[in-house]
Amino acid sequence: MSGVAGTIATAAGMFAGTNVDDIIVLTVLFLSSRAGGTLRPWQIWGGQYAGIALLVLVSVVAALGLTVVPDDWVGLLGLVPFALGVKGLIAAVRARNDGGNASPAVATGLVSVAGVTIANGADNISVYTPVFRTIGTGPTVVTICVFAVGVALWCFAASWLGSHKKIIEFVERYGQWLVPAVFIVIGGLIVIESGVLAKAL
């Protein structure tokens, strides 16, 4: 397979392979939105597009030979979802002490969704950069278009996964604890797997 078809197939495989974990994050976001959170679906879509766009932009710039973020420190971006999760747990504890329920949403707007997307996909830069460096301008444009379609497919899939009534009811009941915990785990894994702690010590 060569030419445009080959570029499309390669780009689709690269997007799917580097963003499998994003389905989980997006599903949690759509679930928390449907379970009474302040986050709106358009903010999830917009944040996801903005986050992926920034990751691609950084990769393209890096492919041109400019280092935007030192590879050794990219893992620190995991502190974004970790901090959002901690904030969500604190809100849940305060709400329980006040006799109420906190919103299950830890991301509350487009910017925070974009931040989580960037943090969760920061390691993708190391995959995208060498590809963009070697494939040329035309295939790079095609790859970016495939990524744009991939984001839409991911959002549709996550929205569908997050639309089941029983799951929504579960999140409405336990989401104020579960959603922040998921984000803390995701953030912690990003930091740990990047090895940034070992470099800092």
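The values are calculated or read from the model by the stated rules, or taken from the named source; none is laboratory data. These numbers were taken from a predicted model, which means no experiment stands behind them. Cβ placement follows ideal geometry from the backbone for every residue including glycine, while neighbour counts extend to all protein chains displayed.
Any residue in segment 126-155 that's of a type in the set (A, V, I, L, M, F, W, C): show its pairings with residues that are assigned to a loop (DSSP other than H, G, I, E, B) at Cβ separation under 7 Å, as long as the two are six or more apart or on different chains.
Note: pairs meeting the criteria are Trp154/Asn19.
With (1) in contact with a Leu (Cβ under 9 Å, 6 or more places away or on another chain); (2) modelled with pLDDT of 80 or more as the list, and Gly17 as the residue in question, which single condition is left unmet?
Here Gly17 clears every test but (1).
What helices (runs of 4 or more DSSP H) completely inside segment 105-201 contain at least 1 residues that are modelled with pLDDT of 70 or more and either closer than 17 Å to Val60 by Cβ or more than 21 Å from the chain's Cα centre (by Cα) (or both)?
Ranges flagged: 110-121, 125-135, 137-161, 165-194.
So the check is Cβ under 6 Å with 6+ separation or different chains; which pairs have a first residue in segment 52-66 that's over 10 Å from Asn124 (Cβ atoms) and a second one that's in a helix (DSSP H, G or I)?
Leu54/Ile118; Val60/Phe132; Ala62/Thr129; Ala63/Thr129; Ala63/Phe132; Ala63/Arg133
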